[in-house]
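The values are calculated or read from the model by the stated rules, or taken from the named source; none is laboratory data. Here the structure is a predicted model, which is why all the values come from computation and not from measurement. Cβ atoms come from the backbone with ideal geometry, glycine included; neighbour counts cover every protein chain shown.
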Amino acid sequence: MIRHGTRYGMTLRVGAALSFSLMYALMKWAATLEPVSAGEMVFYRSLFGLPVVLIWVSSARGGLASISTRKPMVHVWRCALGVSGILLIFQGLRLLPLADATTIGFTSPIFATLLSILFLKEVVGRHRWAAVVLGFVGVLIMVRPGAEGAPPLSGVLFALGGAFVAASVTVTLRQLGKTESPTAIVFWFFVACLVVGGSLTLIDGHTSSWTVLAILAAGGLAGGLAQLLMTTSLQHAPVSALAPLDYLQMVGAVVLGWLLLNDAPTMATLGGAALIAGSGLYTAWREHVLKRDITPPSGSAV
């Protein structure tokens, strides 16, 4: 039986998944109307998402004191990874269909498994290795190397690079989360995105129309709300109950891609997505059975 607190946490997580889907769809939509760069996407996401985060910080226990840190250099490293990851993810989003970019982002648990072997010295059994292989088969089905109509390789590489960096962030957060509050981790990441994204926008940005600016602003608000809902959900429910819900982002990407961009997914995308989702869900189930920390599947919240 699902407890009331767990049910509330799961509801928040559903809202987070759908908000992330909306954020990516709006950013993609803006990029189809005008040449919006990845740096601009990062800037507007943080500019309009940061007020949402600040409201959350002000209501958190301790208020502004909750963003203080005992490990500033680890935050610098985490932010450097996170900003690099979201730049790669947004660049992949610019080049790929929305459903493809979103699905490839869910290869993050595969990379997290490999990184946990290298850096956390975790022992990975045959079940998790099978999940890793299944996930990579899903990627190959989606990418269809050399096939006519295959997604552009550059976009796939950017998206995979973003998923890899998101996995690296997850490994870092396992260590940082032992001493730092979630509010501090999220706040400083948004500040870093604002600084780096703003700098890139000054260098490579352009003057957008009011329509595109409104779409980017809405995307930023959705991103801030998604971050808030995702982090808050962890206070009410275990990751084992929440992780599968992140895959609703794939559903959201398909629906919003069709509604906003008139972009229906191919059978290869749907087939690859099924295998990637199956890989992540099986990994989450095995982690739950072994009573270990589960790597959140979403690469959205780098």
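Inclusion of LEU26 among residues that are over 18 Å from GLY82 (Cα atoms), of a type outside the set (Asp, Glu) and crowded, with 24+ Cβ neighbours inside 10 Å is warranted. Quick check: anything in the range 35-51 surrounded by fewer than 18 Cβ atoms within 10 Å (Cβ to Cβ), over 17 Å from MET230 (Cβ atoms), among the hydrophobic types (A, V, I, L, M, F, W, C) and over 18 Å from the mean Cα position of the chain (by Cα)? No, every residue in the range 35-51 fails to be surrounded by fewer than 18 Cβ atoms within 10 Å (Cβ to Cβ), over 17 Å from MET230 (Cβ atoms), among the hydrophobic types (A, V, I, L, M, F, W, C) and over 18 Å from the mean Cα position of the chain (by Cα).
Going by the structure shown, is ALA25 under 21 Å from LEU202 (Cβ atoms) and modelled with pLDDT of 95 or more? Write out each step before concluding.
Working: under 21 Å from LEU202 (Cβ atoms): no; modelled with pLDDT of 95 or more: yes.
Answer is no for this residue.
Only residues that are over 11 Å from the mean Cα position of the chain (by Cα) and small (Gly, Ala, Ser) were counted in the range 160-170, giving 2.
Filter the range 184-226 down to residues that are farther than 21 Å from ASP246 by Cβ and among the aromatic types (Phe, Trp, Tyr), then give me how many there are.
Of all residues in the range 184-226, those farther than 21 Å from ASP246 by Cβ come to 184, 187-188, 191-192, 194-218.
Filter once more, keeping what is among the aromatic types (Phe, Trp, Tyr): 187-188, 210.
Summing the residues that are farther than 21 Å from ASP246 by Cβ and among the aromatic types (Phe, Trp, Tyr) in the range 184-226 gives 3.
Residues considered: LEU173, LEU202. Of these, the only one that is over 25 Å from ALA264 (Cβ atoms) and over 22 Å from the mean Cα position of the chain (by Cα) is LEU202.
Here is a check on your reading of the model: is SER240 among the small types (Gly, Ala, Ser), in contact with a helix residue (DSSP H, G or I) (Cβ under 8 Å, 6 or more places away or on another chain), surrounded by fewer than 18 Cβ atoms within 10 Å (Cβ to Cβ) and assigned to a helix (DSSP H, G or I)? Yes, satisfied. Of LEU118, LEU134, all but one fail to be farther than 30 Å from GLY62 by Cα, touching a Leu at 6+ places or on another chain (Cβ under 9 Å) and part of a helix (DSSP H, G or I); the exception is LEU134.
Every test in (1) surrounded by 22 or more Cβ atoms within 10 Å (Cβ to Cβ); (2) out of contact with any helix residue (DSSP H, G or I) (no Cβ under 7 Å at 6 or more places or on another chain) is passed by ALA166 save one, and that test is (2). Looking at the range 171-225 only, could you name the residues that are farther than 22 Å from ARG13 by Cβ and outside any helix (DSSP H, G or I)? Of everything in the range 171-225, those that are farther than 22 Å from ARG13 by Cβ and outside any helix (DSSP H, G or I) turn out to be LYS178, THR179, GLY205, HIS206, THR207, SER208, SER209.
From the list GLY82, GLY49, the one residue that fits, being in contact with a Gly (Cβ under 9 Å, 6 or more places away or on another chain) and within 18 Å of PHE187 (Cβ to Cβ), is GLY49.
Within the range 240-280, being over 19 Å from the mean Cα position of the chain (by Cα) and closer than 20 Å to GLN227 by Cβ holds for no residue. The set of residues in the range 152-172 that are closer than 17 Å to ASP100 by Cβ and at pLDDT 90 or above comprises SER154, GLY155, VAL156, LEU157, PHE158, ALA159, LEU160, GLY161, GLY162, ALA163, PHE164. A count restricted to the range 254-271 and to residues that are assigned to a helix (DSSP H, G or I) and out of contact with any Lys or Arg (no Cβ under 9 Å at 6 or more places or on another chain) stands at 8. Going by the conditions given, is ARG78 under 12 Å from SER168 (Cα atoms), surrounded by fewer than 24 Cβ atoms within 10 Å (Cβ to Cβ) and of a type in the set (D, E, K, R)? It is true that ARG78 is under 12 Å from SER168 (Cα atoms), surrounded by fewer than 24 Cβ atoms within 10 Å (Cβ to Cβ) and of a type in the set (D, E, K, R).
Scoring THR69 on the criteria (1) in contact (Cβ under 8 Å) with a residue 60 or more places away in the chain; (2) assigned to a helix (DSSP H, G or I) leaves a single failure, condition (2).
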